[in-house]
Amino acid sequence: MSDCVFCKIVQGEIPSNKVYEDDKILSFKDLNPEAPVHVLIIPKKHIASLTEVNEEDAEIIAHIFKTIPKIVKELGIDKDGYRVVSNCGEFGGQSVPHVHFHLLGGRSLNWPPG
Ligand code: 5GP
Ligand code: ZN
């Protein structure tokens, strides 16, 4: 989508600090990190939220989860642990309407979230 900030990152119109990329997905550092390690993992295809995921998109989401072991090892957070979160919709606190998974690590994280 032309006005979507994450589509612009995929297209290189907005710069990002990439940590992983393949033909289907992209991972880059969050602009406002909430933990020592805070990256986002997104499908390159514009999908508004997890609520919109269809059969075809489900494969891309599965691909993200297949790739997480690679990313966490690369970032050195696999041993200590980490958290993967997707905020959905207004009550979920989603501010960018393009599916993304927050990957947080590098410190002990509180639970439950607010
Ligand atoms: P949400 O609030 O939708 O769960 O998460 C959106 C995340 O995207 C936020 O953590 C925010 O810091 C991050 N973000 C928003 N715009 C940009 C951007 O232009 N570049 C990067 N790297 N992160 C962004
Ligand atoms: Zn988008």
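The values are calculated or read from the model by the stated rules, or taken from the named source; none is laboratory data. Keep in mind the model is a prediction, meaning the values are calculated, not measured. Neighbour counts run over all protein chains shown; Cβ positions are idealised from the backbone, glycine included. Calculation scope for accessible area: heavy atoms of the full protein, side chains included, ligands and nucleic acids excluded. Shrake-Rupley method; radii C 1.70, N 1.55, O 1.52, S 1.80 Å.
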>> So the check is Cβ under 8 Å with 6+ separation or different chains; which pairs have a first residue in segment 90-114 that's within 18 Å of Phe6 (Cα to Cα) and a second one that's among the basic types (Lys, Arg) and open to solvent by 30 Å² or more (accessible area, probe 1.4 Å)?
In response: His102/Arg83; Leu103/Arg83
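Please work out which residue is farthest from ligand 1 (Cβ to nearest atom), limiting yourself to segment 98-109 and to residues that are farther than 19 Å from Val53 by Cβ and not hydrophobic (A, V, I, L, M, F, W, C). Before you say what the answer is, go through the steps one by one.
Step one: filter segment 98-109 for residues farther than 19 Å from Val53 by Cβ, giving 104-109.
Still in the running and not hydrophobic (A, V, I, L, M, F, W, C): 105-108.
On the way: Gly105: 15, Gly106: 15, Arg107: 16, Ser108: 20 Å.
It comes out as Ser108.
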> In segment 37-61, what count of residues is obtained for those that are in a loop (DSSP other than H, G, I, E, B) and either surrounded by 13 or more Cβ atoms within 10 Å (Cβ to Cβ) or in contact with a strand residue (DSSP E or B) (Cβ under 7 Å, 6 or more places away or on another chain) (or both)?
Replying inline: 7
> Only one of these conditions is not met by Ser95: (1) surrounded by 12 or more Cβ atoms within 10 Å (Cβ to Cβ); (2) near ligand 1 (Cβ under 9 Å from one of its atoms). Which number is it?
Replying inline: (1)
> Are any residues in segment 1-31 aliphatic (A, V, I, L, M) and free of Cβ contacts under 8 Å to residues at least 40 places away in the same chain, and if so, which ones?
Replying inline: Ile9, Val10, Ile14, Leu26, Leu31
> Scanning segment 59-83 for residues that are in contact (Cβ under 8 Å) with a residue 40 or more places away in the chain and of a type in the set (A, V, I, L, M, F, W, C), which turns out nearest to ligand 2 (Cβ to nearest atom)?
Replying inline: Ile71
> Looking at (1) farther than 18 Å from Ser16 by Cα; (2) hydroxyl-bearing (Ser, Thr, Tyr); (3) in a loop (DSSP other than H, G, I, E, B), can you tell me which one Ser95 breaks?
Replying inline: (1)
>> Take the conditions open to solvent by less than 40 Å² (accessible area, probe 1.4 Å) and either within 14 Å of ligand 2 (Cβ to nearest atom) or under 22 Å from Lys66 (Cβ atoms) (or both) and apply them to Asp23. Does it pass?
In response: no
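Based on what the data block shows, is Asn87 within 15 Å of the chain's Cα centre (by Cα) and more than 16 Å from ligand 2 (Cβ to nearest atom)?
No: the conditions fail for Asn87.
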> Of these, Ile68, Ile64, Ile77, which one is part of a helix (DSSP H, G or I), open to solvent by less than 30 Å² (accessible area, probe 1.4 Å) and touching a strand residue (DSSP E or B) at 6+ places or on another chain (Cβ under 6 Å)?
Replying inline: Ile64
